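Laboratory data are not the source of any read-out in this text; all were calculated from the coordinates shown. Because the structure is a prediction, the values reported are computed rather than measured. We place every Cβ from the backbone using ideal geometry, glycine too, and count neighbours over all the protein chains shown.
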Amino acid sequence: MNIFRFFGDISHLASIFILIHKIHTSRSCRGISFKTQVLYVAVFVTRYLDLLYSWVSLYNFVMKVFFIASSCYILYLMKVRFRPTNDPSIDTFRVEYLVGPCAVLALIFNYGYAVTEVLWSFSIFLESVAILPQLFMLQRTGEAETITTHYLAALGAYRTLYIPNWIYRYFSEGYVDPIAVTAGLVQTGLYLDFFYVYFTKVLQGQKFELPA
Amino acid sequence: GSGQSSKDEL
């Protein structure tokens with residue numbers, strides 16, 4: 001554990017709390033892509049299967065359980081509790097274009113041909129693109145509630161902080177995970193446009209609006 | 001695994 005990874009994880013936690021807070025206080029999941037949230041459940045469940053057979057640390061265990069539980073809870077909020085506020089007609093990204101290629105990539109690039117290894121790889125690739133339905137929805141509507149942008153910023157900060165974490169681990173442990181690093185760079189890259197608007201508009205007190 | 005994967009990360 002190093003400071004980059006720790007604050008990355010904290011940022012990830014914060015993003016989830018921000019999202020749940022937004023849904024509860026506005027009593028609405030407007031502006032949130034259900035598809036992206038489903039993909040996160042798939043990411044966490046496939047990656048954290050190792051909860052069943054390996055122990056890393058209490059920190060690791062608690063975080064994994066939290067990420068699985070909170071992502072399922074968000075699906076419940078969107079599909080049951082605040083169902084009328086969820087508008088599938090603007091959540092139109094075709095997730096099969098993400099899941100299919102990620103499955104193929106996982107079969108090619110993995111650390112061993114075991115079901116758990118391929119699923120781990122799959123979860124890494126899928127996480128790197130899971131935000132796309134959400135960003136696509138944002139692009140379509142052209143604007144977002146400020147709290148939704150804070151959610152996305154915290155989520156983007158999480159993976160951004162993992163990059164210095166890997167650089168640190170390379171120098172301190174001589175350790176590189178090419179699958180995680182490649183997917184992580186892609187994932188962070190997807191946030192660059194969003195970050196630009198977030199820093200130049202939202203943090204200056206303006207509404208998040210994309211140019212027409 | 002090869003020991004190279006970052007399974008201890010979240």
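Worth pointing out:
- With a simple spin-label model that places each label point 7 Å from the Cα along the Cα-to-Cβ direction, the separation between residue A:69 and residue A:97 comes to 3.7 nm.
- 19 Å Cα-Cα reach of residue A:201 towards aspartates and glutamates, excluding residues that sit fewer than 8 places from it in its own chain: A:143, A:145, A:193, A:209
- With a simple spin-label model that places each label point 7 Å from the Cα along the Cα-to-Cβ direction, the separation between residue A:57 and residue A:168 comes to 1.1 nm.
- Remark: the Cα gyration tensor places the stretch A:72-212 in the oblate category, a/c being 1.5 or greater and a/b not exceeding b/c.
- For chain A, calculated [θ]222 nm from helices alone, where every DSSP H run of n ≥ 4 adds -39500 (n - 2.57): -22500 deg cm²/dmol
- Residue A:107 versus residue A:24: modelled label distance in nm, points set 7 Å from Cα along the beta carbon direction: 4.3 nm
- Using a Förster distance of 45 Å, the FRET efficiency for residue A:141-residue A:10 (Cβ separation, nearest 0.05): 0.95
- Summary value for the stretch A:27-169: 36 percent relative contact order, contacts being C-alpha pairs under 8 angstrom separated by 6+ residues.
- Packing rank of A:71-82, A:196-207, where each peptide gets the mean count of other beta carbons within 10 Å, highest leading: A:71-82, A:196-207
- Cβ-based net charge around residue A:201, under 15 Å, with every Lys or Arg adding one and every Asp or Glu removing one: -3
- Peptides ranked, highest mean first, by Cβ atoms within 10 Å: ranges A:173-179, A:154-160, A:27-33, A:46-52: A:154-160, A:27-33, A:46-52, A:173-179
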